[in-house]
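Readers should treat all values here as calculations from the given coordinates under stated rules, not as data from a laboratory. Owing to the predicted nature of the structure, the values given are computational and were not obtained by experimental measurement. Note that each Cβ is placed from the backbone with ideal geometry, even for glycine, and that neighbours are counted across all protein chains shown.
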Amino acid sequence: MTTPYPKMLEPLNLGFTTLKNRVLMGSMHTGLEEAKQGFDKLAEFYAQRAKGGVGLIVTGGISPNVRGRLAPFACQLSYPWQVAKHKKVTDAVHREGGKICMQILHAGRYGYHPLSVAPSAIKAPITPFKPKAMSERQIRTTIRHYARAAKLAKKAGYDGVEIMGSEGYLINQFICRRTNQRDDDWGGSFENRSRFPREIVRAVRAAVGEDFIIVYRLSMLDLVEDGNTLDEVVALGKGVEQDGATIINTGIGWHEARVPTIVTSVPRGAFRWITARLKQELKVPVVATNRINTPEVAEDILGREEADMVSMARPFLADAEFVNKAAAGKADRINTCIACNQACLDHVFENKRATCLVNPLAAYETELVMTPATTKKKVAVVGAGPAGLSFSCFAAERGHEVHLFDRADNIGGQFNFAKQVPGKEEFHETIRYFKNRLADAGVHVHLASEQTVASLQQGGFDSVVIATGVVPRKLDIEGADLPHVYGYLDVLRDHKPVGKKVAVIGAGGIGFDVSEYLTTEQSPTLNSDHWHKVWGIDQGYEHRGALAQPIAEPSPREVVLMQRKETKVGAGLGKTSGWVHRNTLRHKGVKMLNSVNYERIVPEGIEITRNGKRELVAADHIIVCAGQLPLRELEQPLRDAGIDVHRIGGADVAAELDAKRAIRQGAELAATI
């Protein structure tokens, strides 16, 4: 029998140790690092991924000292008494047969606190604190602190460390002229600017000995103005290899870059080309990263010898069993990461615990526990959108008899509309995953089956779960009933023809989705070379930072996107993805208006008042994306009939089609019913 994904599952011999496969779980900060009893929870989180088959785990970033912390109380490893909590993690991973490295990360000017330091006193655009320029003494002390942290990590049982040299953190700040304007031995020439990372690697290797993994995260593409050249990246890669790095991992883009690198609209494996170029220059194993979310993509990269390993971070939030499922020939059962960022990165940047939209158990392994049901119930679930799907699967897996009903002839609810939006093609994967999981869990699925109070009463159910979702809110102004006024479902579900001039009412997530749908003829996400040109990424690497002039992408329509709120249009979108959506629409020439008062709709368009002036926005069609209302007309009659009723998802709270909350609510109810 042939092994599925033979390259991905092939062991990697590092000389003093062997990794069982070519899959690295990339670094992610979860927020558990700083939480009360967080390391107990973190130990179980990583243990589940080790059990799931990953070859090498890299932790979230741990600072080597106080000034390097990401935030005032962020985790650091500097003292022997801090070792014990880390040992909980390493012991848990080793019990499951895994290997784990601790990432050492000094935030530099990205530190969100007044003690931050950097090569030069230049404030980052993403924090309010201006760093102090490091003295020569501070530089040498920081190098020793890296070595100290690595030595303590070895004492804690880690198999290695990753030195974070990318994403715009301290080491990256030293390497680039953009942030290093020193005129001493640590600035000026590239040889001087690269001294800092090279001396760190040498100091770490001296501190830990030869039988310890050192991963160096090399910024291969800075994607910022005045970033490094390809020759400089290659030179640094060769330098840290010579200084003792065991593996070179890939870093793509600074956090302040205005080029998307990991959101869902980025094509799968979009940056494999740069890792392939570096691999030709280096002797140690090289790791490809970013938007690798299926074993097929991983296998293709490794099979074409574009890398020696692949790094996946968020895919292991989505499914801890990713590698085991792939190895068992069950890749169609993998809960695929859709790169939405809503529950992981967005949470981290809001100081919340990271988890996963499609897997609410992630980072809640010790709290949201699915134990076998002590009393088996017969449960009806009305609505096969995200909330209903989540509840049905978890409840059936616990042992309940679950009947899932939906009036539509397919599962997925509003995910079926989202998946049609250019850049959101990954939503197809979630529907595929749930379809297979329903079958595996033994859920009785009844499609094209609208339920009534009478039909549910006759079913003999112990409980009914209302997951009927939402209905679009109608616009209450003069002319709202004119034939050229559409709702978003008319466009995304019914595909009604839309004219060349469009006014979109409502600039929440749905308004942005509809605008992207109407202004895009071919999704760049499905064509990597075209996507690079749209965002100005120089694959020829002829410019510093690999930045080029973005191409203008013509739109088939003129779109005006409007909102009543006075805030910036799109301010309510995801913290780490909203800017991408705004820039995408700007590239298309979409006009975005805030502080709009809708007066009346007329055959020629819509009359609005803005800044005290009344004007006509000419439009062939008006698309209403003005929010939703819960759909729950079954609930009260069922309660009146004495039936045990629960409501989840949009039927509970209609909030911009909040799949994150819907899927979590479904899981939480399933755990207790």
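Here are a few things to note about the model shown:
- Spherically averaged projected area of segment 1-64 from its Cα convex hull (nm²): 6.0 nm²
- Calculated FRET efficiency for the pair residue 2/residue 94, C-beta based, R₀ 35 Å, to 0.05: 0.70
- Per residue, the chain reaches -9000 deg cm²/dmol at 222 nm when only DSSP H runs of four or more residues are counted, each adding -39500 (n - 2.57).
- Report note on the peptides 181-189, 324-332: ranked by the mean count of other C-beta atoms within 10 Å, highest first, their order is 324-332, 181-189.
- Added length on full extension, which subtracts the Cα-Cα distance from 0.36 nm per residue, residue 500 to residue 614: 38.7 nm
- Enclosing the Cα atoms of segment 12-349 in their convex hull gives a volume equal to 120 cubic angstrom per residue.
- Prolate/oblate/rounded call for segment 343-449, Cα gyration tensor, a/c under 1.5 rounded: oblate
- Bins of 5 Å from zero: percent of alpha-carbon pairs in segment 11-106: 3, 13, 23, 25, 18, 12, 6, 1, 0
- Computed E for residue 567/residue 655 - FRET, C-beta separation, R0 25 angstrom, nearest 0.05: 0.90
- When only Cα pairs below 8 angstrom with a gap of at least 6 residues are kept, the chain shows a relative contact order of 12 percent.
- Computed over the Cα atoms of the chain, pair by distinct pair, the Kirkwood hydrodynamic radius stands at 26.6 angstrom.
- Here segment 50-88 is scanned for amide nitrogen atoms under 15 Å from the site 7 Å beyond the Cα of residue 35 along Cα-to-Cβ, giving 60, 75.
- Fewest-first ranking of 672, 294, 452, using other Cβ atoms within 10 Å as the exposure measure: 672, 452, 294
- Taking 0.36 nm per residue of separation and subtracting the current Cα-Cα distance, fully stretching the chain between residue 210 and residue 177 would add 8.6 nm.
- Close lysine pairs were tallied over segment 81-188: pairs 8 or more places apart or on different chains with Cα atoms under 18 Å apart number 16.
- Computed label-point distance, nm, for sites residue 452 and residue 543 using a 7 Å Cα→Cβ extension: 6.5 nm
- Contour minus Cα-Cα distance for residue 81 and residue 281 (0.36 nm per residue): 67.9 nm
- Taking every DSSP bridge with both residues inside the chain, close to 20 percent are antiparallel.
- Highest average packing first - 658-668, 276-286, Cβ atoms within 10 Å: 658-668, 276-286
- Once the Cβ-Cβ distance of residue 526 and residue 115 is raised to the sixth power relative to R0 = 60 Å, the FRET efficiency obtained is 0.85.
- Computed from Cα atoms alone, the Kirkwood hydrodynamic radius reported for segment 576-661 is 17.0 Å.
- Sorting the segments 564-572, 109-117, 55-63, 3-11 by their mean number of nearby beta carbons within 10 angstrom, highest to lowest, gives 55-63, 109-117, 3-11, 564-572.
- Relative contact order %, segment 254-302, counting alpha carbon pairs below 8 Å whose residues are six or more apart: 39 percent
- Three-way shape call for segment 447-534 based on the alpha-carbon gyration tensor, with the a/c threshold at 1.5: oblate
- Inter-label distance for residue 305 and residue 478, nm, one decimal - labels placed 7 Å from Cα along Cα-to-Cβ: 7.4 nm
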